[in-house]
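Please treat every number below as a calculation from the coordinates, not as lab data. Note that this is a predicted model, so its numbers are computed, not measured. Cβ atoms come from the backbone with ideal geometry, glycine included; neighbour counts cover every protein chain shown.
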Amino acid sequence: MDRRTLLSTVGTGIAVAVAGCMESGGDGDGAGSGGAGTADPTDTDSPTTTEHADDGVTEEGTTGNGTTDGSTDGTENGGTTDDVGTPEDSGAVAVADTAFEVTSNQCGGSQQSATVSADGSTVTVEGVARGSDACHTARLAGTSVDGGTLTVSVESYVPESEADEMCQQCLVDIEYTATVTTSGGAPESVVVMHGDEQVTRADALED
């Protein structure tokens, strides 16, 4: 009788002890899980700098150590940059158009010559170039303007179509008319070249 009472008492004590351990373990697990999901209140994220691409402005924020970030140049993100260009010199005289025509080609042996006339921005040169035989004719070799002076270059040559022909042996006078139109005003003077020889120079042509 006393033995049964003792065993019953022991059994009840063990059950209470086990229940207490289980309850204590459950509280520990819950506290551990809750602790793992809670942020440290002492941790703060440093504010970051935000750029707005539409207006090229960077907002200033403070870093974790209390200092202020500098702002970036607005020209890097859509801002404008002063673009300094070199304006064109619209007043400079330049060649705009040319025309050339041979009006006569015949034996003669006259001296090479040229006359110059101007009508506003149009310069006309009428001249006589020399060819060493009847197969030669003339063409406009080039034009240029330098320092207000227009240079008109004329040369005599043999066209490919006449290269294999038997040519009449005589000095030929090749009469021509060259027309040069300039932009930016009229040239101050005109020089006419036949090959490497300057045949005339006309000054005071500027309007």
Completion exercise
When the charge dipole of region 95-202 is computed with +1 at the Cβ of Lys and Arg and -1 at the Cβ of Asp and Glu, the Cα pointing farthest to the positive end, of ALA129, ALA163, THR182, is that of THR182
Practice task
With a cut-off of 20 Å, note down the residues of region 170-189 whose backbone N falls inside the zone around a label point 7 Å from the Cα of THR98 toward its beta carbon.
Solution key: 174-189
Exercise for the section: Between beta-carbons, use under 12 Å as the cut-off and find the net charge around THR103, counting Lys and Arg +1, Asp and Glu -1. Expected result: -4
